[in-house]
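> This is the structure I want to talk about, given as structure tokens.
The values are calculated or read from the model by the stated rules, or taken from the named source; none is laboratory data. No experiment lies behind these values; they were computed from the predicted model shown. Heads up, the Cβs are rebuilt from the backbone with ideal geometry, glycines too, and the neighbour counts pull from every protein chain shown.
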Amino acid sequence: MIPKPFYELLPYIYMLIGLFGAISLESGWGKLCSVVLIGSGVVVQQLRARHRAHNELFRKLNRGRSPQSGSGAAAEPTSRRSMPEPRSGRSMPEPRSGRSMPEPRSKRI
């Protein structure tokens, strides 16, 4: 297992090695590999940030709820079936202009 401080620095290490390679290497393949390293570091950092933000949002949303195992009763999931129907009874909103959709044109032979 990789130590956490080293694991957290890995994307930045990738970017630094890529930057160093882009500056110091002369060959086209070396520059290409440097760009790939820089891109990999950026992608890894972005994925980690998005995942952590999603987990933080999930924790905030579930903060007030009691855990299912501790309460003894399973929480009932919310589904579309348990949601109230719209007032008009239609699933699609009315057109703003008041006009209906035009009929499809028939194929001419």
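> Among the residues of segment 1-15 satisfying the criterion of being of a type in the set (A, V, I, L, M) and without any contact (Cβ under 8 Å) to a residue 12 or more places away in the chain, which is surrounded by the fewest Cβ atoms within 10 Å (Cβ to Cβ)?
So the residue we want is Met1.
Per-residue answers, yes or no, for (1) touching a Phe, Trp or Tyr at 6+ places or on another chain (Cβ under 8 Å); (2) at pLDDT 95 or above:
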residue: Pro3; (1), (2): no, no
residue: Tyr7; (1), (2): no, no
residue: Met15; (1), (2): no, yes
residue: Leu19; (1), (2): no, yes
residue: Ser27; (1), (2): no, no
residue: Val35; (1), (2): no, yes
residue: Ile38; (1), (2): yes, yes
residue: Gly41; (1), (2): yes, yes
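> Same structure again: Which residue pairs have Cβ atoms under 9 Å apart, sit 6 or more places apart or on different chains, and have a first residue in segment 47-70 that is surrounded by 10 or more Cβ atoms within 10 Å (Cβ to Cβ) and a second that is modelled with pLDDT under 80 and not acidic (Asp, Glu)?
Partner pairs satisfying both residue conditions: Ser66/Ala75; Gln68/Ala74; Gln68/Ala75.
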